[in-house]
Every structure is written in structure tokens, then in C-alpha cells.
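The values are calculated or read from the model by the stated rules, or taken from the named source; none is laboratory data. Quantities reported herein were computed from a predicted structural model and do not represent experimental measurements. All Cβ positions, even for glycine, are placed from backbone atoms using ideal geometry, and neighbour counts span all protein chains on display.
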Amino acid sequence: MVGTLGSPRTGTIDARSRAPFGWAPLVVLFIVGFVDRIEHNLLIGVLPAVQREWGFSDTAAGSIPTAAALAAAVVALPAGYLADRLSRTRIIAVVVLVWAIATLGSGLATGFVMFYLMRVLLAAAENIDNPASGSLLADYYPPVSRAKAYGLTRVTMHLGGVGTLLGGVLAEAFSWRTAFLVMVVPGVLTALLVWLLREPRRGELDRLVAAGDASPASLAPAYAASATSTSTASAAPLAKPPFWRQFRQVLAIPTLVFVCAGLSLLTLGLAGIFYWLPTFMVRTLGIGTAAAGSLSGLITVAGTLTDTLVGSWLGRKWHGTRKGGRLLAGGSGITAGSLVLAGALSMESIGAMTVLALLASSLMAIAIPNMTACLADVVPAAGRGLGFAVLQLLITGGGAFGSLVVGIASDRLGSLLAGMYILVIPMVAGGLLTLRARTSFERDRRKVMEEAARG
């Protein structure tokens, strides 16, 4: 059984198929992402109970995600290096097992320091599997179906609210430790499932397509064109500029700079406010830990998933019909959603707060599909990897400090609400920056098309 899950369905690789290895690898990697997000977000749901037991300050509580994000940043590049050289299925299986061990350690922690270290270990391990998972998907699925594959695995990023809900419910019904101990079982089972995945040969599917093994009639036209250009390019690979020169070229694209800066500020606010939202509900509105975790999880999952679909539709409708149509949709959603969220935090009724927070989350989610599409439009194909790396770096940096800012402000000002309000300001600024990008979008997009036309 070892290494047989995800073998070619016909015995040999049929590059004309949309899923030559079947859909089992996608299901397994979806489960990996789902379990990852649940484990990651358990802390948000159980935080009020953990603070009651050990009595640590809001600054200390807010520093946990910051330290975790910094640890994740440290291992990011080494993780990519290993993913290009070792068995990716084995890397992911081992990492998922480490998640389970860190989750077990969180539940059995005898003090705050041990608990803190387990959460940092978990975050670092989570970041090691990302390059391996991304690389595997490209070798399991041809370009014609990669959008579907990456889309379904990335949606797990927005299902973390399930972990918040689960943590809050279990913490109130049993204890906060139970929430972590329960997740050890699916973690171990997921690691075993990944261990059974067959490791595909790197680039073999692309080579088969480039060599003409795939019939263009069975593939999307863009895919057929891609295969043709790949076979031509393989004879004379283009020399790439040195890293720092290419980096400067990417940063010279105004639209990219505005969008990345805007999303970084948005992430700063969202990470801080939603990390503390269940705790705020418990302290201010007097509801239980289970209810707070459930409502916060509902807001995150329902609002984000629903309006990601709406944002995709709106982006398609406005793209090409309005100046910077996608940026108009995303930037307007961020700006309006940030202001609605400020109103939600001022509500004294849990019902009114939930409705407004759900509306705010929905409005801001419109930006999710549109901002990344805009970056693809304005960054030349040869530099898109680095362009998205800049985006990821700034988003990670923004998300790392949101919870800490709120925690420090809460301790200094004596008000958790005041700390959360502070982050509304950069969120609104982020929305305005993305709207500002409309002034350069058409010019940057035209440059990319002209460069592509020159070959």
C-alpha cells in the first residue's frame, strides 16, 4: 500500500487527462490544509480559558502569533530548498506528524512557557509543508486543471474558523486542553494518509505535454499554446537577470507596490482584530467561550467563502468595462468593510455585532480573488513568482504584528476595544491604497502585453 495512492489511473501517465493520477492526491492535500488550519486556529477559540488558568497579560497573548510568524519566516526558504531535493510526500507526512506532536504538547503543557513554545513549533512546522504541497500539485495535475487544484487547496485558508468554533465549544464543554488533545488523532491519521501518496517524478507531466504526448483537442486552447511555447523555449532557455536586479524590476511596478502595501495593511488589521474577537465577546458582552468561538468562526468562514465567490463574479463583470475594474471592486470592498467592522465593534448587542461583522467580512472578502488577478496582469510572466513572493512577504509581515499591537494597547490603555479600533485605521488606508493603484493599472498591464507581444 505504501506509495500507491495517486498512481497513474491507466498504469501509464496520460497527459491528455485532467487528472492523470486521479483526484485522490487533491483530496489528501485538501485534508492536510484543512487539518492545518483547524489546529492553527484552536488557540483563538480557547484563548480566554488559557488566560484564566495562567493569568498572562494581553501583550504576552498577542505575542504568540508574532513569534509564530517570525519562526515560520525563518524556515520558509530552507523549506523550499528541501522541497526541491527530497521526497515531498515524506516531507509533508513528517511535518503533519510534528503538528500532531506539537498539538499534543499544547494540550499537556504544564506552564505558559511550554505552551508558548509548542505554538511556535507548530507554526514553523506548518510553513515547511507549503512549498512541498505546491510543488506536488503541479506534478499531479496538468495546467488545464491546476487552477481547480490550487483553488480547492487554498480555500482551506478560509476554513480556519472551524478551528475557532471547535476550540471554543470544547473549552467550555470540557476544558481548553481537550480541544488540543482531540486534534491529535486526525493529525496522526492525516500523516499516515500522506505517507501512502505516490511521489510523482518532478516535471514529468510537463515534459510529456511539451513533447506532444497530449492532444491539443483534449486540452484548453491556452494549455495547448503553453505546451507549444514550452517545447520551443526548451531549446534555448532565456537567461534570467540576477536576483537583486529582478527584484528592483518588480518593485518598479507601481500597481504591485500599491496592492501589496494595501493588502499588508489589511492583513495587519484582520489578524489583530479577529485574533482577539472571541476574547472581546467574552469580556465585553459576557457570553460564554463556546458561543464566542462559534460566532467568530461563523463570521470568518461564512463571510469569506460567500463573498469570495461574489468577488470573482464582480471582478469578471467589471474587468475591462471600468478603469481598473478588479481594483475598484477589491478596494471598495476593503474600505467599506473596514468601516462596517468599526461599527460592529461598537455594538452592545451580540446579535447586532455578529450581523455587522459578518457583513464586514463579506465586503472585505471581495478583494481575495481580485487582488491576485491584478498582480498577474501587471507583472511579466518571467517575474510573477517573485512578484507573488513580495506579496506573501508583506502579508506575513503585516499579519505577524496585528495581535501584538492590540495586546500592548489593551494593557497600556486598559481597553481591548481601543486596541482593536487602532487597527481599523491601517485597514481603511489599505483599501484606499488599492483604489489608488487604479491610476497605474492600465499602463502597467499594457507594458506586460507589449513585452509578451515582442516575445
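Looking at Ala19, is it of a type outside the set (S, T, N, Q), buried (at least 20 other Cβ atoms within 10 Å of the Cβ) and either at pLDDT below 85 or part of a loop (DSSP other than H, G, I, E, B) (or both)?
Answer is no for this residue.
How many residues, within the stretch 83-122, are hydroxyl-bearing (Ser, Thr, Tyr) and not in a helix (DSSP H, G or I)? Give the derivation first.
Looking only at the stretch 83-122, we keep the residues that are hydroxyl-bearing (Ser, Thr, Tyr), and these are 87, 89, 103, 106, 110, 116.
Keeping just the survivors that are not in a helix (DSSP H, G or I) gives 87, 110.
Here the count works out to 2.
With in a loop (DSSP other than H, G, I, E, B), more than 16 Å from Val448 (Cβ to Cβ), modelled with pLDDT of 50 or more and not β-branched (Val, Ile, Thr) as the only criterion, which of Pro241, Pro237 stands out?
Values: Pro237 fails: modelled with pLDDT of 50 or more.
Every option except Pro241 fails the conditions.
Give the stretch 22-44 a look and list any residue that's modelled with pLDDT of 80 or more and farther than 30 Å from Thr279 by Cα, or say none.
Trp23, Ala24, Pro25, Leu26, Val27, Val28, Leu29
Can you name every residue in the stretch 309-333 that is more than 17 Å from Thr439 (Cβ to Cβ) and either among the acidic types (Asp, Glu) or surrounded by 21 or more Cβ atoms within 10 Å (Cβ to Cβ) (or both)?
Gly311, Leu314, Gly315, Gly333
Hey, can you tell me all the residues within the stretch 242-259 that are farther than 17 Å from Ala437 by Cα and either not assigned by TED's automatic domain parsing to the domain that holds Cys374 or not basic (Lys, Arg) (or both)? Talk me through it step by step, then tell me what you get.
Pass one, the stretch 242-259, residues farther than 17 Å from Ala437 by Cα: 242-249.
Hits for the stretch 242-259 are Pro242, Phe243, Trp244, Gln246, Phe247, Gln249.
Test Gly151 against the criterion of being part of a helix (DSSP H, G or I) and either at pLDDT 80 or above or over 23 Å from Gly297 (Cβ atoms) (or both), and give yes or no. Working first, answer last.
On the way: part of a helix (DSSP H, G or I): yes; either at pLDDT 80 or above or over 23 Å from Gly297 (Cβ atoms) (or both): no.
No; evaluated as a whole, the condition is false for this residue.
Against the definition (modelled with pLDDT under 80 and either at positive phi or of a type in the set (Asp, Glu) (or both)), how does Glu204 come out, yes or no?
Details: modelled with pLDDT under 80: yes; either at positive phi or of a type in the set (Asp, Glu) (or both): yes.
In short, yes.
Within the stretch 171-189, which residues are without any contact (Cβ under 8 Å) to a residue 60 or more places away in the chain and not β-branched (Val, Ile, Thr)?
Phe174, Leu189, listed by residue number.
Write out, first by first residue and then by second, each pair whose Cβ atoms fall under 6 Å of each other, whose residues are 6+ apart or on separate chains, and whose first residue, in the stretch 295-308, is at pLDDT below 65 while the second is among the hydroxyl-bearing types (Ser, Thr, Tyr) and crowded, with 19+ Cβ neighbours inside 10 Å.
These pairs meet every condition: Asp307/Ser362.
Is it the case that some residue within the stretch 74-90 is modelled with pLDDT of 85 or more and within 30 Å of Ser294 (Cβ to Cβ)?
First pass over the stretch 74-90, keeping only residues modelled with pLDDT of 85 or more: 89-90.
Still in the list and also within 30 Å of Ser294 (Cβ to Cβ): none.
No - not one qualifying residue is present in the stretch 74-90.
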